[in-house]
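Notes to accompany the following structure.
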Amino acid sequence: MTDAMPVGDRKPLAPPVDETGALGWARKNLFSSWGNGITTIVLIAFVVWVLSWFLEWALFTANFTASTGAECRGGGACWALIREKFRYIFFGSFPYEQHWRPLFAVITMLAMLVLSADRRMWNWRLLVIWGLGSFITFLLMFGQIHIPLSLILFVALVGGGIGLSLRSVLATPSERMAYYALVAIGAVGLVLRIVGVLPAWSIAIAPLSYVETSLWGGLPVTLILATYGLVFAFPYGVLLALGRRSNLPLIKGLCVGFIELIRGVPLISLLIMASVMLPLFLPSGTTIDKFLRAQVAVILFAGAYIAEVIRGGLQSLPKGQFEAADAMGLNYPQKTLLIILPQALRVVIPPLINTFIGFFKDTSLVLIIGIFDFLNTANQALVDPNWAGFPGEVYLFAAFIYFIFCFSMSRYSKYLEFELNKGTHR
Amino acid sequence: MAASARDLSKVESVIQLKGVNKWYGQFHVLSDINLDVKEGEKIVICGPSGSGKSTLIRCINRLEEHQRGDIVVHGVTLSNDVKNIEAIRREVGMVFQSFNLFPHLTILDNLTLAPIWVKKTPKKEAEEIAMSLLTRVRIPEQALKYPGQLSGGQQQRVAIARALCMRPKIMLFDEPTSALDPEMVKEVLDVMIELAREGMTMLCVTHEMGFARAVADRVIFMDRGEIVEQNEPEEFFANPRNERTKLFLGQILHNH
């Protein structure tokens with residue numbers, strides 16, 4: 001503190017010359033000794049050799065225009081196969097002349113994902129984006145949507161309930177009245193519907209021809225399974241993680257039991273259970289769509305994994321944070337939503353996105369139960385006898401598409417970490 | 001000093017502990033604690049580490065649960081009823097050794113959180129209260145920063161302001177200066193002394209004997225889960241009666 005040296009007058013020293021610039025960097029990192037220098041040269045030679053071979057195959061001698069597999073043979077990569085089959089790979093057995101529908105469904109979903117990646121959207125806008133986006137996506141895919149009365153009543157009940165529990169403190173009297181009205185309408189309506197007073201009435205929105213889920217395929221299937229799988233698995237996982245730390249033995253036991261059970265079996269066995277076993281237990285006459293069953297299996301499976309990731313975040317918080325929130329008189333939901341989760345989720349962004357990426361790829365396991373996701377349609381493209389013998393090209397193409405998605409998620413995780421910790425950096 | 005200003009025997013009790021006992025497993029951490037705190041009284045609790053002094057004040061707002069005996073805060077007897085506990089916590093502010101500010105919220109949001117969510121104060125009003133309290137602890141210019149950007153002393157002053165935002169009737173301090181660098185202790189103690197002079201009921205676990213001399217009405221010495229001795233500060237420091245108190249005072253006064 002009492003240092004008398006005039007610090008401000010000192011000239012800042014330039015860093016040592018050999019550590020700056022490209023040359024300096026190369027000398028320091030690649031050629032710091034004879035051994036390192038030789039290793040560097042050998043590795044560069046190897047990379048150049050592999051790359052030149054690959055470019056020769058994939059570009060210079062590749063065939064882009066052949067009309068049958070036979071014309072392709074002998075040269076380099078047969079990209080003509082992708083050209084011929086890309087619509088099947090992307091959209092599967094969806095009626096050919098209707099391919100614009102899955103195309104726009106994919107675009108809608110991508111727009112939805114990109115929009116919700118922006119932090120400024122993390123409020124009521126998110127609900128609007130997902131409500132509207134999901135509606136458009138499924139309207140395009142199905143072509144027709146029938147909204148039964150009971151679903152509308154159920155949404156009213158749940159919406160009013162959520163509004164009451166989350167906004168009970170901040171809502172104005174009229175807003176609170178609206179929530180009560182929603183709950184009342186939903187509850188009374190559902191009871192009347194179940195008793196049979198209200199008819200099985202539904203709103204039909206049917207601008208396009210109906211396409212059932214068994215015809216869906218390709219990228220939209222992968223995107224729907226992964227996106228909605230994770231969107232539902234995330235809150236479910238949060239609840240499981242909170243439940244696992246609960247003081248109530250019953251809730252804790254149920255959550256631990258569920259998580260351990262799900263983690264103890266492979267996803268494939270769960271999918272097979274959902275597709276083969278489940279229908280046996282249902283009363284005859286009722287069927288649940290196979291696609292929906294696979295979707296639920298993915299949600300349950302991902303939920304258990306996400307729960308464990310989030311539990312790690314919850315446990316990383318110092319006890320003092322819980323105590324401070326308690327001491328202020330916050331109740332459990334307030335403490336959890338305002339203090340604990342915002343911090344816990346920040347901590348677990350890297351492992352959470354890691355889990356997301358894993359699940360995005362794991363959705364390809366649905367091919368086991370005959371759902372045509374992106375990898376499965378790529379696989380099917382190889383079956384055509386006219387184009388037999390070019391698996392490399394097709395799988396490389398599929399890998400490329402998967403890579404784009406997974407790499408984007410990975411970069412987004414990095415951005416999110418930076419963005420959320422902006423304020424708290426010193 | 002502060003004690004002579006008023007006759008405490010005529011004032012109502014705001015905290016009463018009757019035969020309070022607590023165990024951690026086999027370890028008897030609080031044994032038969034009886035304590036009466038009058039409104040406006042300032043009590044300093046000291047004692048060697050592990051003597052149960054932190055546990056004692058943490059029982060008052062139910063951060064710890066006692067197993068036997070009664071704790072009555074503002075006429076409400078502590079029980080397992082959540083509403084009951086939350087009601088008491090609204091009246092009792094607490095300051096921790098490790099500050100425990102919420103790192104993901106700005107200083108202002110740290111202060112307004114409980115008034116808005118627990119007391120349902122309108123946001124604007126809560127912010128006005130928060131700013132006036134930040135001014136009182138002399139750091140209004142830090143309102144929009146995050147806790148991680150403040151020094152320890154500043155963070156602890158924010159923590160005091162945060163507790164005061166709820167307009168508590170009682171303040172509990174759990175070793176508020178123990179985690180601070182020496183040069184920051186004074187700025188926190190000054191705020192606490194000011195608060196004491198304004199008439200707040202305070203229970204402080206601290207080893208700052210200068211603070212005890214300046215504001216305490218009573219100093220309580222605890223050892224092995226018992227209240228060994230209690231007295232007015234003058235008398236407590238000048239003529240400790242119990243051997244354990246003498247030994248303890250010898251040790252900590254020696255270090256200062």
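Summary table
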read-out	value
C-alpha center-to-center spacing [segment B:9-62, segment B:112-126] in angstrom	30
Taking only Cα atoms of segment B:90-137, radius of gyration then Dmax in Å	10.9, 30
Shielding by other protein chains, A:328-339, mean Cβ within 10 Å	6
Separation of the B:LYS246 and B:ARG224 label points, Cα + 7 Å toward Cβ, nm	1.8
Per-residue average of Cβ from other chains inside 10 Å of A:363-369	0
Hz values of 3J(HN,Hα) by residue in segment A:319-327 - Karplus curve (6.51, -1.76, 1.60), Gly and Pro given as x	4, x, 5, 5, 5, 4, 5, 4, 4
Segment A:TYR395-A:TYR332, extension gain: residue separation times 0.36 nm, minus the distance between their alpha carbons	17.7 nm
Segment B:106-255: equivalent-ellipsoid semi-axes (sqrt of 5 x gyration tensor eigenvalues, Cα, Å)	34, 16, 12
Assigned charges on the beta-carbon of Lys, Arg, Asp, Glu; the protein assembly as shown dipole about Cα centre (debye)	760
Crossing angle, helix B:243-255 versus chain B [Cα axis fit, 0-90 degrees, rounded to tens]	50
At R0 = 30 Å, FRET efficiency that the Cβ-Cβ distance of A:ALA187 and A:ARG245 yields, to 0.05	0.45
Separation of alpha-carbon centers, segment B:205-231 and segment B:146-171, rounded to whole Å	23
Degrees between helix B:82-91 axis and first principal axis of chain B (Cα, 0 to 90, nearest 10)	80
Other protein chain Cβ atoms within 10 Å, averaged over every residue that makes up B:96-108	5
R0 of 25 Å, Cβ-Cβ distance B:SER132-B:LYS186: FRET efficiency to nearest 0.05	0.65
Flagged links, alpha-carbon separation over 19 Å, of B:LYS42/B:LYS169; B:LYS22/B:LYS83; B:LYS186/B:LYS246	B:LYS22/B:LYS83; B:LYS186/B:LYS246
Orphan Cys of chain A, criterion: no other Cys C-beta under 4.7 Å	A:CYS255, A:CYS406
Segment A:376-426-segment A:176-234 distance, computed between alpha-carbon centres (Å)	30
Rough spin-label spacing in nm, given labels placed 7 Å along Cα→Cβ, for B:GLU198 and A:THR65	8.6
Fraction of beta bridges assigned by DSSP in the protein assembly as shown that are antiparallel (%, nearest 5)	55
Exposed-loop-free span, longest in chain A, where chymotrypsin sites (Phe, Trp or Tyr not before Pro) count as exposed if DSSP calls them loop and at most 11 other C-beta atoms lie within 10 Å	A:211-426
Label-point gap, in nm, between A:LEU317 and A:VAL197 - each point 7 angstrom along Cα→Cβ	4.4
Rg/Rg_globular for the protein assembly as shown, with Rg_globular taken as 2.2 N^0.38 Å and Rg from C-alpha atoms	1.28
Net length gained if the chain between A:ARG10 and A:PHE281 were fully extended (0.36 nm per residue, minus Cα distance)	89.3 nm
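Read-outs throughout are calculated quantities, based only on the coordinates presented, and are distinct from any laboratory measurement. What you see is a predicted model; the values in this text were computed from it and never measured. We place every Cβ from the backbone using ideal geometry, glycine too, and count neighbours over all the protein chains shown.
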